[in-house]
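Peer 1: I have a structure I would like to understand better, so I am pasting it below and will then ask my questions one at a time.
Since every read-out is calculated from the coordinates, none of them should be taken as a lab result. Predicted, not measured: the structure shown is a model, and the values here were computed from it. A quick note on method: Cβ atoms are made from the backbone with ideal geometry, for glycine too, and the neighbour counts reach across all protein chains shown.
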Amino acid sequence: MAGVVVVFDFDKTIIDVDSDNWVVDSLGFTEPFERLLPTMPWNTLMDTMMGELHAHGRTLDDVAEALRAAPVVAGVPAAIKAAYALGCDLRVLSDANAFFIDTVLAHHGLLGCFSQINTNPSHPDADADGRLRIGPYHDLHGCGVGTCPPNMCKGQVLDRILREASSSAAGRKRVVYLGDGRGDYCPALRLAREDFVMPRRGFPVWDLICEDPARLQAEVHPWADGAELEETLLRLVGRARVEEAALLPPLDCKLESMPVAAQEGMGPIMPLGVKH
Ligand SMILES: [Mg+2]
Ligand SMILES: [Zn+2]
């Protein structure tokens, strides 16, 4: 079986808030955050805020405790577990950071469902008594789409995921991409005709898609809440499995027993998703 790769954004897709804002607000640092916001890129600001928290005596445990209290989108953990149980290859693609995402997913028992977490690097600085350092994913990405932040082009990361999905001997894996934000528009543009994009209805990526739907090749299946996400995702995964089974008859037994005339009428049999 070729299978399905499911790529999840994190903020406002798996959890129902933005984890950066949630941590800053939970620990009482909204005022300095808003004061510094116009002066530097978001990714640099979050690293700076981790320094502020540390300077005011907030530990990494305090940050983790705030993250564990962040609300998930109700129904999404069940959807993740169900897709994993069906054999999907799950990835995270997020402009948050590794420590935030690992902490939240581990707390909800979801970390083991994901084969890959693609996000901004972060690590406790041993020389600075555990202050969290947050860096950019890309130093320079040069993406021209215009909706990607300077530190991360999710489209370029998705290109790598698409290449991996094509390298399977069993045929190209189909990709389902779920997200809500402006940064999710660039990867949505790069999905192919056989892939699916699941934008959160009413959020920035949905508005961008609606401006010119013809720019996308992938099928668009919006969702508004966790129940709709779960129902839609599992339906698409089920459909991909049925279509794959229909397109890929077991060559070793069926063709041999089939009359020659029927074989001639079938045309070339090719794996799902191979384009010419
Ligand atoms: Mg998001
Ligand atoms: Zn981009």
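Peer 1: Treating only the Cα positions of the chain as identical point scatterers, give the base-10 log of I(q)/I(0) from the Debye formula at each q in 0.08, 0.10, 0.12 Å⁻¹.
Peer 2: Result of the Debye calculation: -0.38, -0.56, -0.77.
Peer 1: Let me ask something else about it. Which percent of the Cα-Cα distances in segment 141-197 go past 18 Å?
Peer 2: On the way: 521 of 1596 pairs.
Here the long-distance tail beyond 18 Å is 33 percent of all Cα pairs in segment 141-197.
Peer 1: Among all the aspartates and glutamates, which ones have a C-alpha under 15 Å from residue 173's C-alpha, if same-chain residues fewer than 8 places away are not counted?
Peer 2: 89, 159, 164, 194, 195, 243, 244
Peer 1: Lys and Arg at +1, Asp and Glu at -1: add these up for the other residues within a Cβ distance under 11 Å of residue 226 and post the number.
Peer 2: Working: positive: 200; negative: 16, 225, 228, 230, 231.
Net of charged neighbours comes to -4.
Peer 1: Could you give the size of the charge dipole of the chain about its Cα centre, using +1 on the Cβ of each K and R and -1 on the Cβ of each D and E, expressed in debye and rounded to the nearest 20? Mind dumping the intermediate values first?
Peer 2: Details: 25 positive and 39 negative charges, 188 e Å.
With Lys and Arg at +1 and Asp and Glu at -1, about 900 debye.
Peer 1: How long are the semi-axes of the ellipsoid equivalent to segment 65-173, from square roots of 5 times the Cα gyration tensor eigenvalues, in whole Å, largest first? All intermediate terms of the calculation are to be shown ahead of the outcome.
Peer 2: On the way: eigenvalues 125, 101, 32 Å².
The equivalent ellipsoid of segment 65-173 has semi-axes of 25, 22, 13 Å.
Peer 1: First select every other residue whose beta carbon is under 12 angstrom from the beta carbon of residue 29; then total the charges, Lys and Arg +1, Asp and Glu -1. Let's see the in-between values first.
Peer 2: On the way: positive: 35, 58; negative: 20, 25, 31, 34, 52, 62.
Taking every other residue near residue 29 into account, the sum is -4.
Peer 1: Evaluate the distance, in nm, between pseudo-label points positioned 7 Å from the Cα of residue 55 and of residue 36 along their respective Cα→Cβ axes.
Peer 2: Placing both labels 7 Å beyond Cα along the Cβ direction yields 0.8 nm.
Peer 1: Magnitude of the Cβ-charge dipole of segment 123-211, K/R +1 and D/E -1, about the Cα centre, nearest 20 debye? Could you put the intermediate results ahead of the total?
Peer 2: On the way: 13 positive and 12 negative charges, 84 e Å.
So the magnitude is around 400 debye.
Peer 1: In a Debye calculation with equal point scatterers on the alpha-carbon sites of segment 1-84 and no solvent, what is log10 I(q)/I(0) at q = 0.11, 0.13, 0.19, 0.21 Å⁻¹?
Peer 2: -0.40, -0.52, -0.88, -0.99
Peer 1: Additional query: Using only the alpha carbon atoms of segment 46-123, find the Kirkwood hydrodynamic radius as the inverse mean reciprocal pair distance, in angstroms to one decimal. If you can, show how the numbers build up before the last one.
Peer 2: Working: mean 1/r = 0.0729 Å⁻¹.
Here the Kirkwood hydrodynamic radius works out to 13.7 Å.
Peer 1: Give the whole-number value, in cubic angstrom per residue, of the convex hull volume spanned by the C-alpha atoms of segment 133-228. Can you show the working numbers first?
Peer 2: Values: hull volume 12.3 nm³, N = 96.
Spread over its residues, the Cα hull of segment 133-228 gives 129 Å³ apiece.
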